Amino acid sequence: MVSSSPESAAAHRSGQANPRGMRITRAALARFVAVSVAAAAVGVCTVAGADADTPKKSPVEVLDIKIQNDQYAAHDVGPAGPSLGDMDVYSGGIVRDGRTVGRGGGTCQVVHVDGAKLTKQCLLTIELEGGSLTMQSLGVSGTKTLDMAITGGTGIYRDARGSARYWDIATPNERLRAEILH
């Protein structure tokens, strides 16, 4: 049974009773709504601001250089002939536009033998004026190119990632093209 009394009508005009028995006045309700709308607006602005502060897609730096190998050694560490663990060690200069701009070196170690086909784990580092780049990959003996992952660096390359391709390996025309993401 619902009863209506002068007190409940007055309560209805001045505010409403919530389930806990507390009365909410229109002024309090208006303040609550205003604060809620303001908080929502701040949240939307914050989300929009976060998008504005998000860096754009990393630019790609392309490095086209020539490699001048000047030292090389092949180490036959297992039984005579190709075997697991055999290693090539090399170093040389980095040339761009006819000028030496750095140096590099690395190793390739045999990790799998399948007849005359040798798979090698190669690790290389090149040093340039602004820092160094490190690269690694698996390569198969006798191939004309080697694709490597850029795994890091120092200096201006401290956040480097990307890929590198070597051509004409172990020839006077050896070249490197690195696509570096920062």
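The values are calculated or read from the model by the stated rules, or taken from the named source; none is laboratory data. Everything numeric in this text was worked out from a predicted model, so none of it was measured. Because the Cβ atoms are built from the backbone with ideal geometry, glycine has one as well, and the counts that use them run over all protein chains shown. Note: areas computed on protein heavy atoms with side chains; ligands, DNA, RNA excluded. Shrake-Rupley method; radii C 1.70, N 1.55, O 1.52, S 1.80 Å.
Kindly evaluate residue 64 against the criterion of being closer than 22 Å to residue 171 by Cβ, modelled with pLDDT of 95 or more, acidic (Asp, Glu) and over 25 Å from the mean Cα position of the chain (by Cα).
No; evaluated as a whole, the condition is false for this residue.
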Residue in the range 109-127 that is outside any loop (DSSP other than H, G, I, E, B), closer than 19 Å to residue 165 by Cβ and touching a residue at least 40 places away in the same chain (Cβ under 8 Å) present: yes
Selection count where residues are among the hydrophobic types (A, V, I, L, M, F, W, C), assigned to a strand (DSSP E or B) and surrounded by 13 or more Cβ atoms within 10 Å (Cβ to Cβ), scope the range 64-92: 4
Residue selected from the range 160-182 under the condition outside any loop (DSSP other than H, G, I, E, B) and among the hydroxyl-bearing types (Ser, Thr, Tyr), by the criterion nearest to residue 72 (Cα to Cα): 166
Residue within the range 135-144 that is out of contact with any Lys or Arg (no Cβ under 7 Å at 6 or more places or on another chain), within 16 Å of residue 61 (Cα to Cα) and either open to solvent by 70 Å² or more (accessible area, probe 1.4 Å) or outside any loop (DSSP other than H, G, I, E, B) (or both) present: yes
Meets criteria (modelled with pLDDT of 95 or more, of a type in the set (S, T, N, Q) and open to solvent by 80 Å² or more (accessible area, probe 1.4 Å)) for residue 119: no
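Yes/no matrix, rows are residues, columns are (1) hydroxyl-bearing (Ser, Thr, Tyr); (2) over 24 Å from residue 59 (Cβ atoms); (3) free of Cβ contacts under 8 Å to residues at least 12 places away in the same chain:
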| position | (1), (2), (3) |
| --- | --- |
| 75 | no, yes, no |
| 95 | no, yes, no |
| 101 | no, no, no |
| 171 | yes, yes, yes |
Qualifying residue in the range 149-159 (condition: of a type in the set (A, V, I, L, M, F, W, C), open to solvent by less than 60 Å² (accessible area, probe 1.4 Å), assigned to a strand (DSSP E or B) and in contact with a Ser or Thr (Cβ under 7 Å, 6 or more places away or on another chain)): yes
Qualifying positions in the range 93-110 - of a type outside the set (S, T, N, Q) and either open to solvent by 70 Å² or more (accessible area, probe 1.4 Å) or in contact with a helix residue (DSSP H, G or I) (Cβ under 6 Å, 6 or more places away or on another chain) (or both): 96, 97, 98, 99, 103
